[in-house]
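Accompanying notes for the structure given below.
The values are calculated or read from the model by the stated rules, or taken from the named source; none is laboratory data. Bear in mind the structure is a predicted one, so any value in this text is a computation, not a measurement. Cβ atoms come from the backbone with ideal geometry, glycine included; neighbour counts cover every protein chain shown. Just so you know, the surface numbers come from the protein's heavy atoms only, side chains and all, with ligands and any DNA or RNA stripped out. Shrake-Rupley method; radii C 1.70, N 1.55, O 1.52, S 1.80 Å.
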Amino acid sequence: GSVPVDEDKHLLDPEGKPIGHPENPLKLGSEIPGPIVTPDGKLLSPEDGKPISGPDDEPVIIGFEPFLKPRLPDSNNRLLNDLGKPMYGPDGEPIKCPDGEGCPFLGPDGILYHPDEQPYLNPETGLPIKLQLDPDGALPLDDDGHVMDIEGKPIVPEGEEEDPRNPMKGPIVTPDGHVLSPLTGIPILDPEGQPFKVGMVPVDTVPSFVKPKGPDVNGTLLDKDDEPLLDHHGNPIKCPVLSRLPYINPEGVLHGPDGKPVLNPETGLPVVVELNPDGSV
C-alpha cells in the first residue's frame, strides 16, 4: 500500500489531516527521507509515496532483520555473552536466569516474550503485552515501581498475585541484548561499570522482524536472500545515506532511520499513517 499525502507531499494522518505543526507539517523526502518500508516489505518512493517496481514491473521486496532472543543459559543458569562466556554483574556474581530455560525477553516488535518464545498475555484482554523502553533503555515504571505496558498500565501476568514490580521473575533481555534488572528495570552493569550484552540467536518460530535490513557497504538495499534490489531500470536501489531506512510497523507507526518512532512535533505522540488501498503513502 501507499501512504496518504497531499499535493505538497505532506504526510496525512488517518483523518486526512497534515501531520505536525500547521505551518510546517512533516513532508516526504525531507523530514521523512526515503525510501520508506511498509510492513510487508515494499519500498515506497520518497518522491510520490508509491511502491517502487523492479525490472519485472512488480514491487520490490526488501529483506527484514532476523528476530532474535537470548541464547540459552549454561547448565548453571548463567547468562552467556556472544563468546559463550558467563557474564558477571558489578558485585562480581554471575547473572542468572530463574531456571534452566532462559530469561524473558522483549522482542523488537515491543512484545514481551517467555523464554519459550510465547508472548506474555494481558489477563484482561488476552492480547500480548507490549512495552516501550524509556529513552535511557530502562523499563517504564510507575511511581510505585510497577512495570507498565505501552498503555501505561501496571503489568500483572495471568494467574499471578505477586508484586507486579517483578512480573517476569528474573532479568529481562532487550532487543539489543542489554539485560535489565527485574527489581529496578535499569540495565545491569558489568564490574567495569559498562552495560554488557547477552548473546543473541535467531528465533525459529518468527522468521523476521518488521525492521528492514541495513544496506550493504555500498549503500545498496538487499532482499531476503541478501541480493541487491534493482529498480525498474535494472539499477541497484540505494539508501540516501549509509544508514537505516524509515519504516512503518504493523500498527501504522512511522519509525525513523534510528528505529525510533517519529513524533508529531505538535503533540509529541508517535506519527501513525494509514496506507492507501494502492499501497502508496
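A Förster radius of 51 Å combined with the Cβ-Cβ distance from residue 142 to residue 57 puts the calculated FRET efficiency at roughly 0.45. Between residue 263 and residue 40, residue separation times 0.36 nm minus the direct Cα-Cα distance comes to 78.0 nm. The length gained on full extension between residue 125 and residue 201, counted as 0.36 nm times the residue separation minus their Cα-Cα distance, comes to 24.3 nm. Database remark: amide H of residue 231 closer than 5 angstrom to the amide H of 237 (H placed geometrically; neighbours at sequence offset of 5 or more, or on other chains; Pro and chain starts carry no H). Remark: the stretch 47-52, residue by residue, has Karplus-estimated 3J(HN,Hα) of 7, 10, x, 9, x, 8 Hz, where x stands for each Gly or Pro and the curve is 6.51 cos²θ - 1.76 cosθ + 1.60 at θ = phi - 60°. Working note: Karplus 6.51/-1.76/1.60 with θ = phi - 60° gives the stretch 181-196 the couplings 5, x, 8, 10, x, 9, x, 7, 9, 7, x, 8, x, 10, x, 9 Hz, where Gly and Pro are set to x.
Past the 22 Å Cα-Cα mark, which pairs from 130/153; 85/211; 50/213; 69/96; 85/197; 69/224? Please report the intermediate quantities before stating the final value.
On the way: 130/153 11 Å; 85/211 29 Å; 50/213 20 Å; 69/96 16 Å; 85/197 11 Å; 69/224 20 Å.
Correct reply: 85/211.
Take the Cα of residue 220, go 7 Å toward its beta carbon, and the backbone nitrogen atoms of the stretch 58-99 under 18 Å from that spot belong to 60-64.
What length, rounded to one decimal in nm, is gained on full extension from residue 233 through to residue 151, with 0.36 nm per residue of separation minus their alpha-carbon distance? Walk me through the numbers on the way to the answer.
Values: separation 82, 0.36 × 82 = 29.52 nm, distance 4.56 nm.
This chain segment gains 25.0 nm when fully extended.
Database remark: amide H of residue 69 closer than 5 angstrom to the amide H of 201, 203 (H placed geometrically; neighbours at sequence offset of 5 or more, or on other chains; Pro and chain starts carry no H). Taking every protein chain into account, the 1.4 Å probe leaves residue 99 with about 60 Å² of accessible area, to the nearest ten. The phi torsions of the stretch 109-115, fed into the Karplus equation with coefficients 6.51, -1.76 and 1.60 and a -60° offset, translate into couplings of 8, x, 8, 8, 10, 5, x Hz, rounded to whole numbers, with Gly and Pro shown as x.
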